[in-house]
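Worksheet: one structure, shown below.
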Amino acid sequence: MAEKTQVLLVSGSGGAGRTTVAAATGLAASRRGQRTLLLSLDASRDLSGALGLVAPTLPEVRGLPVRVADHLHLQELDVASELKRRWSEGRGEVAALLGGGLEGVTAEEVAPTPGVEVLLALLLLGEHSRSRTYDLIVIDAGDALRFVGGADSVGWYARRSKAPEQSARRARPSRMDPEVLHAVSDKLTDVGALLRDPTVTRARWVTTHDHRTEQSLRRACAAFGLQGLALDGIILNRLALVGEDAALARHPAVENLQHLVGTIPVTGIALQGRDIVGEEALEAFATRLYRGEDPARLGSTPPGLGVGKQAVDVYRLEVQLPFARKEEVSLSRREAELVIQVGAFRRNVLLPRMVAPLATAGASLEGDRLVVEFKKERV
């Protein structure tokens, strides 16, 4: 049993080779003896394709971890199967979060509900983390921000939900146990904390080089910082190159991005001459990508979100917001929650118990950090 399961979110722009990087990373980690799970949140099953596998067709296998190689399992989220497992005839965890009163509704009817796949993925990750079956979980996360922010969104709803009332689809009261809602809310809170713990979870951004790369990376770094997600590396894929691979480190596009992001490692990968499918091709790709280093770690960043005590009844909340401009940032407060908006990105921060009773005393941007101060109001 692993002491602590590490989580690596591989995210990035569409078509940049994110799935290839995720598959190669998971395979390379397993070759080093790390018990690794490749987890895909994408219904297209591209991860199976990258590994050269045919998706399982048996109902009892679909959506469950499948052994790919020594120390390596693959699991592709199957919404219908996972929802059915957690439905409990409309009285399970998902039903509680949807409001209860769904005893006469089938799991299949609920499956198309927006956001259900994110909720299921969060619960699944929490389950794997608690079991500690794996040393490393590599997640092919197309929209990592939606995934990480989902824990906050659902938790926000659960905190404000009362005991289930009558459903619009049923004439009699729900038999939903309020304790089910409390229990699943606690699970999601734990998953949210896990995703924002830089000693456990890191994100790796995959992109290609074009005129929009720098702007996209600025937005991504600011959004990751807002969500408190540690970004440990940037992979600039499919670079046009003349000469040996060693020249990648001196490629102008790599040097420009490295200058932009500072200490976050930027790795360049040359455009490959063939499709990267199957274990052999993925191993070769991983060798070029990681050059013998542990693929589970490129680098690290400090915690993206933290509350510190400055004096008696005086606290400071610090959020890393690289590349954010003052005019893009707005704050609002509702009781124990602070809402931070940075451009199109938003986060609801649940303040700790010792901070919640205090008034918001001011906020400022100090370099790449947002600093919010809380003080006790004078009578």
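No lab work stands behind these numbers, since they all come straight from the coordinates. Remember, it's a predicted structure, so these values are computed and weren't measured experimentally. Cβ sites come from the backbone with ideal geometry, for glycine too, and all protein chains shown count toward neighbours.
Annotations
- Stretching the chain fully between R378 and N256 yields a gain of 38.9 nm (0.36 nm per residue, less the alpha carbon separation).
- FRET efficiency for V307 and R218, using Cβ-Cβ distance with R0 set to 25 Å, rounded to 0.05: 0.40
- Remark: relative contact order (the range 183-315) = 28 percent; criterion is Cα-Cα distance under 8 angstrom and separation of 6 or more residues.
- Judged by the gyration tensor of its Cα atoms, with axes a ≥ b ≥ c, the range 281-379 is prolate; a/c meets the 1.5 cut and a/b is the larger of a/b and b/c.
- Here's the list of lysines a cross-link from K375 could span, going by alpha-carbon distance under 22 Å and ignoring same-chain residues fewer than 8 apart: K309.
- Length available on full extension from S330 to D368: 0.36 nm per residue minus the Cα-Cα distance, which gives 12.1 nm.
- Loop-resident GluC sites (Glu not before Pro) (DSSP state other than H, G, I, E or B) in the range 261-350 with no more than 16 further Cβ atoms inside 10 Å of their Cβ: E293, E335.
- In this rough spin-label picture, where each label sits 7 Å from Cα along the Cβ direction, the D42-T199 distance is 3.3 nm.
- Approximate spin-label separation A69-A359, in nm, with each point projected 7 Å along Cα-to-Cβ: 6.2
- Remark: the V339-E3 segment gains 117.5 nm on full extension, using 0.36 nm per residue and subtracting the alpha carbon distance.
- With a threshold of 28 Å on the Cα-Cα distance, the over-threshold entries among K326/K376; K4/K326; K4/K187 are K4/K326.
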